[in-house]
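Worksheet: one structure, shown below.
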Amino acid sequence: MIDDDSAVADGGEPAEAAKPRSPYSERPVARARRAKAQELIEQLVAEGRVRITDPDDDEVAEWRRVVNYAKRHGLEPAGKRIEKVPYGGPGLELFLAEGPHPNARSQRPKADGGSVPVPARLGHLHPLVTALKGDKSRLVMPSALRRRSLLLLQGLAAEAVRRGYEVRKARSSFFPREGGVDVVVDSFAYTVSVRQEFPESTDPERSARLVVELAHGLTGRPGRWRDRKSRTLEEALGVILGEVEARAAEDTGRRQDEQRARAEREVRWQAAMDVAKEQATREQLAQVLREEAGGWQEAAALSAYCMALERRIGELDGAVDESALDSARRWLEWAWGYVKSINPLSGLPSMPHTREPTSEELKPHLRGWSPHGPERRG
């Protein structure tokens, strides 16, 4: 009986042992992607940005895989990260931004967010909490829940002020059952509101629940907190304020990236404008040169004609009527004068004067930039 699986069932020659699969990093696709990722990093370090114009869906997907490969395998330069933004419709612009991504694990708020003291009584309130307390059209809910909501907002507002942030009237409009404030961090305002979660419920436990919300805006970050068995809303205030700080860090980073991108765009636009002005001015001079060369060529042709006419007059002297010769001489005299007037080399040509190029003259040399500013395309 044959126990060896490498032998064929009919007793033939033993099959060749299967070769172990090579690790993914050694496969051709992975090697090619790594090479492309390394090339991308080198180009980003050297040039700052890489633009992929008019790619198809497969190219976009491949570039995203290359960027993800670079991130997963630690190829990004120290202290920098690769960012992707749309460019010219379907295109991509890749650039190096400072620091870790705001959504990176290291940048997320801590699980506890630090302890935030919540007062036990409604005294010495922040002015906005005092205003909410007196506004019976806000936080319309049972008195015990309303009192707890105000205490939560007071704890949040007091801690925000202690950390150096501004607390101001919320920009958002609320439903009657809601109330809240704006916490302002580094000029970014974030609305924190409290409301009864199930106001219509007849279940006493459900109707007693509150929910604290942080307006989402365009972010996908967490923005809603409830009482849990492991943590009450009072214990979650540190996490909520930590989330405000994390969003502020993200928004600040985005603003800095946008400012840096605008500044770099301004530099690139100005460089393009300088080149375009130089080329447009060159076109002005080239046009003068072409006109002078055309005048010189015409003068040369007419000079040859005048010399031929002069020879002909000499040949016919005494053979034709004198009045005809006299007329021909007068014509020759005028012709020589005209030739001299159109010949640019009759005198010494000087450097032509140029003028400021017009927008239309600049456009052909701007390679897609607008002559009116870096924010507009021609």
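In segment 194-215, which residue that is of a type in the set (A, V, I, L, M, F, W, C) and either loosely packed, with under 14 Cβ neighbours inside 10 Å or over 14 Å from ALA246 (Cα atoms) (or both) is farthest from the chain's Cα centre (by Cα)? Among them, the one singled out is ALA208.
Would you pick out the residues in segment 284-311 that are farther than 19 Å from SER350 by Cα and either of a type outside the set (D, E, K, R) or surrounded by 12 or more Cβ atoms within 10 Å (Cβ to Cβ) (or both)? GLU298, ALA300, ALA301, LEU302, SER303, ALA304, TYR305, CYS306, MET307, ALA308, LEU309, GLU310 - these are the residues of segment 284-311 that are farther than 19 Å from SER350 by Cα and either of a type outside the set (D, E, K, R) or surrounded by 12 or more Cβ atoms within 10 Å (Cβ to Cβ) (or both).
Take segment 128-159 and flag every residue that is among the acidic types (Asp, Glu) and crowded, with 21+ Cβ neighbours inside 10 Å. Listed by number, the list holds a single entry, GLU159. Being modelled with pLDDT of 90 or more, surrounded by fewer than 16 Cβ atoms within 10 Å (Cβ to Cβ), hydroxyl-bearing (Ser, Thr, Tyr) and on the phi < 0 side of the Ramachandran plot is a description that does not apply to THR191.
Within segment 220-278, the set of residues being farther than 30 Å from GLU197 by Cβ and hydrophobic (A, V, I, L, M, F, W, C) comprises ALA261, ALA263, VAL267, TRP269, ALA271, ALA272, MET273, VAL275, ALA276.
Tell me which residues, restricted to segment 56-77, are exposed (fewer than 12 other Cβ atoms within 10 Å of the Cβ) and farther than 19 Å from ARG260 by Cα. Scanning segment 56-77 gives ASP56, ASP57, ASP58, ALA61, ARG72, GLY74.
Give the number of residues within segment 327-378 that are of a type outside the set (A, V, I, L, M, F, W, C), over 28 Å from the mean Cα position of the chain (by Cα), in a loop (DSSP other than H, G, I, E, B) and surrounded by fewer than 13 Cβ atoms within 10 Å (Cβ to Cβ). So the count comes out to 8. Taking every residue in segment 112-139 that is closer than 14 Å to ALA160 by Cβ and pairing it with any residue that is assigned to a loop (DSSP other than H, G, I, E, B) and not charged (D, E, K, R), at least 6 positions away or on another chain, the pairs with Cβ-Cβ distances below 9 Å are LEU125/PRO119; LEU128/ALA170; VAL129/LEU122. If you go through segment 208-230 and keep only what is at pLDDT below 90 and over 30 Å from THR252 (Cα atoms), you end up with ASP227, ARG228, LYS229, SER230. Within segment 40-55, restricting attention to residues that are open to solvent by 70 Å² or more (accessible area, probe 1.4 Å) and touching a residue at least 24 places away in the same chain (Cβ under 8 Å), the residue that is farthest from VAL267 (Cα to Cα) is ASP54. Residues that are closer than 16 Å to ALA157 by Cβ and open to solvent by 20 Å² or more (accessible area, probe 1.4 Å) within segment 216-238 comprise just one, GLU234.
The values are calculated or read from the model by the stated rules, or taken from the named source; none is laboratory data. Note that this is a predicted model, so its numbers are computed, not measured. No Cβ is skipped: glycine too gets one built from the backbone with ideal geometry, and neighbour counts run over all protein chains shown. We work out accessible area using only protein heavy atoms, side chains counted, and drop any ligands, DNA or RNA first. Shrake-Rupley method; radii C 1.70, N 1.55, O 1.52, S 1.80 Å.
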